[in-house]
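Okay, so here's the structure we're looking at.
The values are calculated or read from the model by the stated rules, or taken from the named source; none is laboratory data. Here the structure is a predicted model, which means the values were calculated and not measured. Positions of Cβ are generated from backbone atoms using ideal geometry, with glycine treated the same way; all protein chains shown enter the neighbour counts. In case anyone asks, the SASA skips ligands and DNA or RNA and just uses the protein heavy atoms, side chains included. Shrake-Rupley method; radii C 1.70, N 1.55, O 1.52, S 1.80 Å.
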Amino acid sequence: VLKKELKQSMRTVRFPILVVLFNTVLAIIGLIGLYISNEQIKLTGIINYRDNIYLYILLMCVEFILLIFIMPAMTSGLISGERERQTLDILLASRLTPAQIISGKLFSALANLAILLFSGLPVISLTFIYGGIDISDILFTILYLLFIALFTGSAGIFCSCVLKKTTFATVLTYGIELLFIAAPIFITVLAYMILAGQSGSENVDISLFYLLLAFDPAITFLNITFRQTGTVPVMDHFFNPSNWFIPISIALQCAIIIIFILLSVRCLKCSPSKKYLIKVKERHI
């Protein structure tokens, strides 16, 4: 399944166009940021290395935003598309197990996204002009972006197994993605506003909500970049300085990935097509 999906995606013109568009957006934003920084240097005669840090955060955030839009579109039609093309029964009738079908399709989409992320390395390397960022920081952040891709991809393939139509599966995938990204932030901000209103002070302790924020891949991503570059004042309340936050958040998100994959396999096993094929095999025997 993995070989077939990779060959099929690489032989179409859509994937090269996607790579070009991805890097074009990233390059335009990176060059604009670099141009603004150079103009400020010309006017003041002072090199502000902090601007280079902000450029790195901006480029990584752009990659994150593009990723959460691209990955669900790649994975939400992997199973429902087979069902719409009426080829799912043929796939289930093969010697492949549902787990092999799910893993093959999921990792093929992940491989395509890995090509996108690593193709953006030359643009991100613009931050090396003034220094302050190490190559190990960039590689670690890209590896976590791949982990987020696996997170959103597992939700997408689950929706693709549950729903028969690709359109509905795509909408549900974006809804689940929005739930995990926006809901913890919304609840934490609401709790902060309530506690600040009750205490009459802005210095409110929201450490009890850090475990809820650990489910949010966007907050984990920001914590990783802030540890590399330093905090941004507007995000101080969501930044956890302790060493346990990132490992625990990755572990919790791993558990969610495993749950989505297991549910996808179970859904494929319990599909009417699979049950019918099992009955046919039993009668044949």
Using a 1.4 angstrom probe on heavy atoms only, work out the carbon and sulfur share of the accessible area of the chain in %. 71 percent
Calculate the spin-label point distance for THR167 paired with ARG50, positioning each point 7 Å from the Cα along the beta-carbon direction, and give it in nanometres. 5.0 nm
Label-zone membership for the stretch 37-78, site ILE29, 7 angstrom Cα→C-beta point, backbone N under 16 Å: 52-71
Please compute the net charge surrounding LEU116, taking Lys and Arg as +1 and Asp and Glu as -1 over other residues with Cβ under 15 Å from its Cβ. 0
Over all distinct alpha-carbon pairs, what is the Kirkwood Rh of the chain in angstrom? 21.1 Å
Neighbour net charge for ILE248 - beta-carbon separation under 15 angstrom, K R +1, D E -1: 0
With a 10 Å radius around each residue's Cβ, average the other Cβ atoms per peptide and rank 69-75, 153-159, highest first. 153-159, 69-75
For LEU212, LEU91, the accessible-area ranking with a 1.4 Å probe, largest leading, is LEU212, LEU91
Singleton cysteines, the chain, no second Cys beta-carbon under 4.7 Å -> CYS61, CYS159, CYS254, CYS270
Under 10 Å, Cα contacts only: if you run a Gaussian network model on the chain, which one of ILE138, ILE129, ILE246 comes out with the highest mean-square fluctuation? ILE129
For the chain, report the accessible area per residue in Å² (1.4 Å probe, heavy atoms, rounded to an integer). 53 Å²
Give me the distance in nm between label points sitting 7 Å out from Cα along the Cα-to-Cβ direction at PHE140 and ALA114, one decimal. 2.1 nm
Computed on Cα atoms, the radius of gyration and Dmax of the stretch 1-159 in angstrom are 19.4, 70
Computed helical MRE - 222 nm, the chain, DSSP H runs ≥ 4 contributing -39500 (n - 2.57), nearest 500: -26000 deg cm²/dmol
Looking only at trypsin sites (Lys or Arg not before Pro) in DSSP loops with at most 10 other Cβ atoms within 10 Å, what is the longest site-free stretch of the chain? 96-285
Hey, with R₀ at 51 Å, roughly what FRET efficiency would LEU96 and LEU58 work out to, going by the Cβ-Cβ distance, to 0.05? 0.75
Normalised per residue, the volume inside the convex hull of the alpha-carbon atoms of the stretch 70-140 in Å³ amounts to 101 Å³
P(r) of the stretch 13-103 over all Cα-Cα pairs, 10 Å bins starting at 0, rounded to whole percent, reads 13, 28, 21, 17, 11, 7, 3
Distance (nanometres) between label positions extended 7 Å along Cα→Cβ at ARG14 and LEU2: 2.2 nm
